[in-house]
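Inspection log for the structure reproduced underneath, given as structure tokens.
Just so you know, all these numbers are worked out from the coordinates, no wet-lab data involved. Everything numeric here is computed off the predicted structure, so don't read it as measured data. Counting neighbours? That spans all protein chains shown, and the Cβs are built from the backbone with ideal geometry, glycine included.
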Amino acid sequence: MRYWTEYQNFKHAQIVKKYQHSYPISKGKMPLFSWAGFDGIDTSVWIPKTYSEWLTNRKKMKEKHKRAHMRAAFAYAECSTAKRLQVGCVIVKDDRIISIGYNGMPSGWTNECEEEVVEVPELQAALPENEIRYLVTKPEVLHAEMNALMKLARSTESGEDATAFITHQPCMECSKGLYQAGIKEIFYVHPYRLNDGLEFLKKCGIPVEQINV
């Protein structure tokens, strides 16, 4: 899993640097946790043995901050001009918001996110009273997560090890974008009709949690 591997490599490098004068360089090539049995190594520092243990004991964000950032995501969702669904996303790093996004049309385009579709059921006359009208989201609409990531890409900030707060569970395309941007953790409130994005993030080793605000 991506972040677990990076964490292992980081801790391994720390130990190698500290004890490189006491042990041959060849030992520096050994897996991280094989070092625990060597004499002279400081084992008082907690070193997790599994990914699950690391997730459980990692430094966690305070609940009040989680709720505050998620409320901010809902506040930005209200900026969306979409009629069917308004989604907001806030990206947080070092306890500060570094990017925001909400679903909408590309810059410079009309703010109309949906188009009306009119259908008449089969075997019925094409009369106004028989028409079924509903809205369909335009393919040009950008999702909140992608908007936040694109704003982030144009700034001096980095998404590496940041946390995303999203009003709704991310889709597959947004999940891939979040993973590629280095997002380490994701929180959301409302579920999505498809779970492929959620399953992808779990396979990538990114913690995803549904919370209430």
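Observations
- Ordering of 116-122, 88-94, 61-67 by packing [mean C-beta count within 10 Å, highest first]: 88-94, 61-67, 116-122
- Building the convex hull from the alpha-carbon atoms of segment 88-213 and averaging its projection over directions returns 10.4 nm².
- The listed peptides 194-203, 98-107, ordered by packing as a protection proxy, come out as 98-107, 194-203 (highest mean of other Cβ atoms within 10 Å first).
- Pairs spanning more than 23 Å between alpha-carbon atoms, out of Lys93/Lys176; Lys93/Lys202; Lys151/Lys184; Lys60/Lys203; Lys62/Lys176: Lys62/Lys176.
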